[in-house]
Structures are given as structure tokens and as C-alpha cells.
2 protein chains.
Amino acid sequence: MAGTPKDSRVLEKGVAPAAPDRAPRSVGFLLSQLGFSASQRFLEVLKPLGLHPREFLLLRFISAAEGRSQQALASLLAVPPSRMVALVDHLEELGLLERRPDPHDRRVRALHLTERGRTVYGRATKLALEHEQRLCLGLSETEREQLIDLLHKLQPELIELRGVHPGLG
Amino acid sequence: MAGTPKDSRVLEKGVAPAAPDRAPRSVGFLLSQLGFSASQRFLEVLKPLGLHPREFLLLRFISAAEGRSQQALASLLAVPPSRMVALVDHLEELGLLERRPDPHDRRVRALHLTERGRTVYGRATKLALEHEQRLCLGLSETEREQLIDLLHKLQPELIELRGVHPGLG
DNA sequence: TATTGTTATACTCTATAACTATA
DNA sequence: TATAGTTATAGAGTATAACAATA
């Protein structure tokens, strides 16, 4: 992949330019920087609800299909089962979900949203939308669509929901 | 900012859609996800050199203007002075930079690259370029420029070099 | 009295592996 | 013997604050 005409153009542009105190014109750098800022902000956005972004994501998954086991969700989110415990503990303390026994296998805990869980999840979704709008204030709607399309063209395996990063999910 | 025509369009599109196991069409989500993946990969890319991304960034700053004090660079990178110590320690152990006494103020240590430091920084820059090219394999050069322009249109204060995030710098 | 660099400490987050109860 | 969930523990990474030398 190195040495193609396209590569040499990138090399000419320079990812680490002579002016070092400014952000380089590098997709990798901008993504890292913007991605971190965006998740930090989203963290603050959810704080009033007492939720962490990764808990919001978990609510989203449960809401999509209630009754799945902790392990099923853990593997879906690519977190170790031991970590899932604290996650579910917290959401249960908040009264947003409940562990129900599985009649067929007494080892598993099926996760279900409570009524309050559905309400809070709805609120969080609204906050996420507002967050998105603030983030994209400098873009027209066309540009926003364009940006999303371009981001999707980057290696798709990077975007997969599994292995969601610590700051977000 | 909520309630404008643009906002309602975003709301219609839906950031948290009914299909929950797929990545939503949300700039915030994609940035978080891609940013995290990109920095994780960059971490691996630099490993053969024994460098952490944030050390690479530090080298970049020193290379831009040698002789600055640790505190000056610490405030530039928005890391606490205490953290800068370990950073500089490691780079000094690797023989990439040296602390020189400041003749005018015996408290300060002026940071300079060694010859080896310049060499390794050059290698790291090359690796960073290859990383960028791999990342953008799915984009034409025009699309890559377009993407960078769009990213720059997002709130610029998010991109500033200060407060570089843990995974990157 | 303030500042540079340093050290000590404590806190958060995380994964690994041991453990239990079921299967 | 294997699996779901849990607990214990240890490691990495971080910030805060105390400290010594110098200004």
C-alpha cells in the first residue's frame, strides 16, 4: 500500500508539517482528537441522568431485545462478564432494569427494562440528539450527511459496535 | 439550538434508530468510535519504536522548538507537570532527548533532542504517514481532503492541540 | 513568597483468574 | 466437565498535593 501514486501525494501534503503547534491535516489525528472530545462531552451530557455512555449503550441494546442474558450482552458489547456485573448492578440500583430468573436455566439472569428504565432511556436519547446537533452546528444538513458517508467509507471494521470504546460505550 | 428546522430534520433521521445493533448515523457516535479505533491502532503502530503516541507528540513539539522548559511543554500539551516528568524520563532513558540546565535559571531543564532522537522521530513520522494511508484506503485523495475539511468545520475548539487526549498524545 | 521540577499518595478503571451454583 | 454470574485481586494510568531547590 505504500508507494502508490496516492501515497506519494499524501506524503507531499505532510501529516507532520513544519508548523507543529497546529493540528495536522491528518484524518487519523483529527479522528482521535475529535472522537475524544466528543465522547468527553457526551459524558457530561449524560451526567444529569446519572448515566455513563456505556450504560446508555447497554440500555439501548436491552431495549432492542429484552430478556437476553448478561453474557449474551457482554459478548455483544465486547466487555468481560465481570465488568458487566457492575454495569448491571448500577442500572439496577437506579431502578432502570431488573434481572429476572430464566425458567429454563437457573444460572442465567434475563435483563429487562423497567418502566422507569424506558422513560430514562427516552430522555437520554433526546439528550444524545441535542448533543449531535451542537456538535454539527458548523455543518449544513447536506454536509452532515456527506460527513457521515465519508466516515462510513473508512475501514468498516473500525466502526463495528463490538468493542465499543471505554469513553463511549 | 433545539427546535430549528435543521434540528427537526436530524430528529426525523433518528440518531438512536429502531435497529439498535447497527451503528447509528450519528457524527458523535462515529467520531467516538473511529477516533478510539484509530488511536488504538496508532498505539500499535508506534510500539516497535518503543514510543507511546503522546511521546511522539512531545517529540514533535520539542523538535519544533528545542530548549523549552518542561513546564512550558506541559502547559502546551495540557498535562500536569508531574506527568511530564515520567514522559521525559522515558524519552531520556531511550536516549532520544536530554535535559540541559538553563544558565539563567537553575530550576529549569531545557529539553533538547539528541541525534538519535531526531532519527527516531523521523521514523515515527514515516510510520504515522503509513498509518494515515491505511486508514484512508477506502477514500480517494479528493474524498480524503473533503473529509478533513468537513472535520475542520466541526467546532474548532475541539481540534486544538491542547488537551490532547490520553490515547493520542 | 512564588515557581520548577520531583516524589508520594490515592483514586479510577480495567482485565484476569478464582469461586459458586447450576447444568 | 462446562457454563452463567460473581467476587477478589492486581495492574495500569491518572491527578492531587506535599516537597526541595532556586528565584
Exercise. If each residue's Cβ is checked for other Cβ atoms within 10 Å, how do A:GLU93, B:GLU141 rank with the fewest at the top?
Worked result: A:GLU93, B:GLU141
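Hey, any idea what Rg/Rh is for segment B:50-156, computing Rh the Kirkwood way over Cα pairs? All intermediate terms of the calculation are to be shown ahead of the outcome.
On the way: Rg = 16.8 Å, Rh = 15.6 Å.
Rg/Rh for segment B:50-156 comes to 1.08.
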For this session: Return B:ASP149, A:ASP105 ranked ascending by Cβ neighbour count within 10 Å, so the fewest neighbours appear first.
Result: A:ASP105, B:ASP149
Exercise. Gap in Å between the Cα centre of segment A:28-101 and the Cα centre of segment A:139-155?
Worked result: 26
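Give me the percent relative contact order of segment B:50-156, please, defined on Cα pairs under 8 angstrom at least 6 residues apart.
Values: 82 pairs, mean separation 25.7, N = 107.
Normalised by residue count, the contact order of segment B:50-156 is 24 percent.
Please give the net charge around A:GLN71, taking every other residue with its beta carbon less than 10 angstrom from that of A:GLN71, where Lys and Arg add +1 and Asp and Glu add -1. Could the numbers behind the result be given before it?
Working: positive: A:ARG68, A:ARG107, A:ARG109; negative: none.
Around A:GLN71, the charge tally is +3.
How would you rank A:ARG83, A:ARG106, going from fewest to most other Cβ atoms within 10 Å of each one's own Cβ? Walk me through the intermediate numbers first.
Details: A:ARG83 12, A:ARG106 8.
The order, fewest Cβ neighbours first, is A:ARG106, A:ARG83.
No lab work stands behind these numbers, since they all come straight from the coordinates. It should be emphasised that the depicted structure is a prediction, and the values quoted were computed from it without experimental measurement. Positions of Cβ are generated from backbone atoms using ideal geometry, with glycine treated the same way; all protein chains shown enter the neighbour counts.
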